[in-house]
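Read through the structure below, which is laid out as structure tokens, and then see the notes.
What follows draws every value from the coordinates through simple rules; no lab data is involved. This structure is a prediction, so every number in the text was calculated from the model and none was measured. FYI the Cβ positions are ideal-geometry reconstructions off the backbone, even for glycines, and counts take in every protein chain you see.
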């Protein structure tokens, strides 16, 4: 009979693998909470506009961003505590194996019921691992949907609405949530089932086949999502002909960016936040601009009844005032492409995934490891072997990697800013970043330690200082 893995002994007390993981997760949570409290104190103590922004940001806007940051910080602290307690209960009381064995028992009962009623054996039971894994996946997904719904509802209709960002009705919001759930099930269930099957029948090199499968799925979704899934949630239209479109096309051509389409997304339908991004492979690249980034932009025949809580005066004051500011934002995004940041991130992500699958292959048959988490010997399904190892056993490694990726991301942001500055958009980029900060009510003052661990984009003041040091061609 297997026993939980004991890592070491302290004063006669066995420190098991489960206990070590449990302690590590709590230490990580406490560290993140400490950082969040530092940031909250920084926000509360910062009562005046930083000198560097005094000429471009008035006190009223600063105080609004300060109150918004405090609300978001409070929400993050409370929701973080709830989710940590929920995770602790789940692990301590072995609710994951309990749910699995419940699913198996329900499958047996359902199979017997169908046999009695229809004289058909649908093959549900302890030996039908993939079918039981699908049911387990559904149970967890349904629970996660209802578990997260109150939090996302409060965030959207209390915090975001209080500060003028929410533009959607509850019906529109709920429809989006339900739509997201079903799309994730339509995609997630076949992917999960195929992955389990590959691991079970892949033999000695299953980890390589599993890795290649996930790469294919990722590439497939990168093609499918923007073309077929994203339009189910937001309206995308070609940017109308005019000076802005001409300038963007000229910018793209100047750096040999293979621009195929130039689109505007109706982000204002749900939120007042603004952004721009690009996507696509090879010579099939698209640039997408949020309508909230273009001051005064209106979609043709826009249904005004869908948006709420925003006056036309508010809308007209948001976004970049001149084309060159929008060009500066896009030049920054294209800098990520020109400097190879997208390729670097993709390579790092896939190399890391391959490493994780290789290590998973070394650990997946260690039954004592899963006994530590409440499973019976030789009775842990493949999907949960995968989940426990990736989510819990790898948690120290994942934590370190996340921090290193944050550091790398900040470096890439500085490089993309410098790229835009060298194209001649130095001053416009600075004014665009300030505009985005004010429109999104982003608080400009950050605790240095919190920022180091949490901000994939450097704080505004650091970016402005770095841009000032850039040399232009």
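Among the numbered criteria (1) assigned to a helix (DSSP H, G or I); (2) in contact (Cβ under 8 Å) with a residue 24 or more places away in the chain; (3) touching a helix residue (DSSP H, G or I) at 6+ places or on another chain (Cβ under 7 Å), which one does residue 370 miss? Failed condition: (2). For residue 120, the criteria (1) more than 28 Å from the chain's Cα centre (by Cα); (2) surrounded by 13 or more Cβ atoms within 10 Å (Cβ to Cβ); (3) free of Cβ contacts under 8 Å to residues at least 24 places away in the same chain hold in every case but one, which is (2). Only a single item in (1) more than 19 Å from residue 386 (Cβ to Cβ); (2) under 24 Å from the mean Cα position of the chain (by Cα); (3) touching a residue at least 12 places away in the same chain (Cβ under 8 Å) is not met by residue 136, and it is number (1). So, residue 161, is that one closer than 30 Å to residue 213 by Cβ and part of a helix (DSSP H, G or I) or not? Taking the combined requirement at face value, the residue does not satisfy it. Within segment 387-461, considering only helices (runs of 4 or more DSSP H) that don't extend past its boundaries, which have at least 1 residues that are surrounded by 15 or more Cβ atoms within 10 Å (Cβ to Cβ) and in contact with a strand residue (DSSP E or B) (Cβ under 7 Å, 6 or more places away or on another chain)? Once the helices (runs of 4 or more DSSP H) in segment 387-461 are filtered for at least 1 residues that are surrounded by 15 or more Cβ atoms within 10 Å (Cβ to Cβ) and in contact with a strand residue (DSSP E or B) (Cβ under 7 Å, 6 or more places away or on another chain), what remains is 426-439. Checking every residue in segment 145-168 against the condition of being closer than 28 Å to residue 198 by Cα and exposed (fewer than 14 other Cβ atoms within 10 Å of the Cβ) gives zero matches. For segment 187-304, the strands (runs of 3 or more DSSP E) that sit wholly inside it and include 1 or more residues that are buried (at least 17 other Cβ atoms within 10 Å of the Cβ) and either touching a residue at least 12 places away in the same chain (Cβ under 8 Å) or over 28 Å from the mean Cα position of the chain (by Cα) (or both) are 259-265, 276-279, 285-290.
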